[in-house]
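Let me begin by presenting the structure, written as C-alpha cells, before commenting on it.
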Amino acid sequence: MKKYFYDFHMHSCLSPCGDDDMTPSSACGVAKLAGLDIVALTDHNSVKNCPAFFKAADFYGITPIAGMELTTSEDIHVVCLFEELEAALDFDSDIQSHRMLIPNKVEVFGNQLIMDEDDNVIGIEENFLTNATDISIDNSLEFVSKYGGICYPAHIDRESNGTIAILGTFPEYPNFLQAEFSDLQKVPEYLEKYPILKEKEIMFGSDAHYLLWIKDRMAFLELPEHESSKEIRAEVFRHLRGEGV
C-alpha cells in the first residue's frame, strides 16, 4: 500500500474565475512541485482543458483525473470525476444542452481559454460557464453515473455555492458517498453539527484558481501501489465507489 497525495478540485484558465496563468501545463508543474501524486482538473461546467491536462500530467509524472465542477439548478457546486477521459468528454457534450447559454463578459468575468499541452490557446468558450445548469442536486448522482463517473458536493464548508449554505443541511438523497471540504480544520465542527457527515468520506479540494492556491500535500488516499496512471486511476475509482481494494 502507498499514500497517494491528491487534490481533486482544481481549475484552469478555462474557468472564468481562473487566472490566465493557470494553464493545464502550469497547473501540473506546480502540482508536481507541491508533492501531489494525483490531481483532478475540475473547471466549471466544462472538461475541454482535460485533454491538454492529461498530456501535461504525463510529462510531469502525475496521475490526472478528468473532472468538472457542475453547477446544479439550485446553484450548488458538485465535483464530478471520471475514470476515463473519453467518458468525461461524452459527459461534457451532454452537459451543453443543460446549460443556460449567456455570452461571457470577458471584461467582468475574465477569459475562458481552451489550451493545448504547450500553453497555446486553441479556442475560447464564448458562453459564461459558471451559471447554473438545469440539473438538480437530486438528479446529479444518477446523471454522472450514466458516464461511469462519481460525484459529491463541493466545499460544503463555504457559504458560496455550498450545499449546507443553500439547503441548510447535507442531503440524505441522493446517497453521496463523499463530501468535500476546502478547510479540513472545519471538519470536527461540521461532523458534530451535521451527524450525516459521519457516514461520508471526507475529501479535500483546494478549489485552486491561481497557481499560488495549489496546496502542498493536504490529503491522501492509501491505495495499492502501481506504476501506470491508468492503474492508479482505477484504484482511485474503486476506492471512491466503495468497492474496497
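Kindly indicate which of LEU177, LEU221, LEU191 is more than 19 Å from the chain's Cα centre (by Cα) and either modelled with pLDDT of 95 or more or of a type in the set (Gly, Ala, Ser) (or both).
Unique residue meeting the criteria: LEU191.
If you scan segment 114-126, which residues turn out to be touching a helix residue (DSSP H, G or I) at 6+ places or on another chain (Cβ under 6 Å) and either among the β-branched types (Val, Ile, Thr) or assigned to a strand (DSSP E or B) (or both)?
Once the filter is applied, which keeps residues that are touching a helix residue (DSSP H, G or I) at 6+ places or on another chain (Cβ under 6 Å) and either among the β-branched types (Val, Ile, Thr) or assigned to a strand (DSSP E or B) (or both), segment 114-126 yields only MET115.
Those residues that are part of a loop (DSSP other than H, G, I, E, B) and buried (at least 17 other Cβ atoms within 10 Å of the Cβ), I need them from segment 178-211; list them, please.
SER182, LYS200, GLY205, SER206, ASP207, HIS209
Got at least one residue in segment 100-114 being among the acidic types (Asp, Glu) and at pLDDT below 95?
Yes, some residue in segment 100-114 is among the acidic types (Asp, Glu) and at pLDDT below 95.
Limited to segment 182-205, what total is found for residues that are among the basic types (Lys, Arg) and in contact with a strand residue (DSSP E or B) (Cβ under 7 Å, 6 or more places away or on another chain)?
Adding up the residues that qualify gives 1.
If MET10 satisfies all but one of (1) among the hydrophobic types (A, V, I, L, M, F, W, C); (2) buried (at least 23 other Cβ atoms within 10 Å of the Cβ); (3) over 23 Å from ILE137 (Cα atoms), what's the number of the condition it fails?
Going through the list (1) among the hydrophobic types (A, V, I, L, M, F, W, C); (2) buried (at least 23 other Cβ atoms within 10 Å of the Cβ); (3) over 23 Å from ILE137 (Cα atoms), MET10 breaks only (3).
Among SER26, SER12, which is touching a strand residue (DSSP E or B) at 6+ places or on another chain (Cβ under 8 Å), among the small types (Gly, Ala, Ser) and more than 21 Å from ALA234 (Cα to Cα)?
The match here is SER12.
From the set of residues in segment 1-54 that are touching a Leu at 6+ places or on another chain (Cβ under 7 Å) and of a type in the set (Val, Ile, Thr), which is farthest from TYR152 (Cα to Cα)?
Taking the candidates together, the pick is VAL30.
Considering only segment 194-218, state which residues are of a type in the set (A, V, I, L, M, F, W, C) and within 18 Å of the chain's Cα centre (by Cα).
Residues satisfying the conditions are ILE202, MET203, PHE204, ALA208, LEU211, LEU212, TRP213, ILE214, MET218.
Does LEU141 count as modelled with pLDDT of 95 or more and loosely packed, with under 15 Cβ neighbours inside 10 Å?
Here the answer is no, as LEU141 does not meet what is asked.
Which residue out of ALA52, ALA57, ALA66, ALA31 is modelled with pLDDT of 95 or more and either in contact with a Lys or Arg (Cβ under 6 Å, 6 or more places away or on another chain) or not in a helix (DSSP H, G or I) (or both)?
So the residue among ALA52, ALA57, ALA66, ALA31 that is modelled with pLDDT of 95 or more and either in contact with a Lys or Arg (Cβ under 6 Å, 6 or more places away or on another chain) or not in a helix (DSSP H, G or I) (or both) is ALA66.
Select from segment 76-113 the residues that are of a type in the set (Gly, Ala, Ser) and either surrounded by 12 or more Cβ atoms within 10 Å (Cβ to Cβ) or outside any helix (DSSP H, G or I) (or both) and list them in ascending order.
Listed by number, the residues that qualify are ALA87, ALA88, GLY110.
So which residues in segment 116-132 are under 14 Å from ASP20 (Cβ atoms) and within 19 Å of the chain's Cα centre (by Cα), if there are any at all?
GLU125
Spot the failing condition for CYS17; the list is (1) assigned to a helix (DSSP H, G or I); (2) touching a residue at least 60 places away in the same chain (Cβ under 8 Å); (3) within 17 Å of the chain's Cα centre (by Cα), and only one is missed.
Of everything listed in (1) assigned to a helix (DSSP H, G or I); (2) touching a residue at least 60 places away in the same chain (Cβ under 8 Å); (3) within 17 Å of the chain's Cα centre (by Cα), CYS17 misses just condition (1).
From the list LYS200, LYS230, LYS215, exactly one residue is touching a Ser or Thr at 6+ places or on another chain (Cβ under 7 Å) and of a type in the set (D, E, K, R). Which is it?
Exactly one residue qualifies, and that residue is LYS215.
If you scan segment 34-49, which residues turn out to be in a strand (DSSP E or B) and polar (S, T, N, Q)?
THR42
The values are calculated or read from the model by the stated rules, or taken from the named source; none is laboratory data. Only a predicted model underlies this, so the values are computations on that prediction, with no experimental measurement involved. Methodologically, a virtual Cβ is constructed for each residue, glycine included, from the backbone with ideal geometry; neighbour enumeration extends over all protein chains shown.
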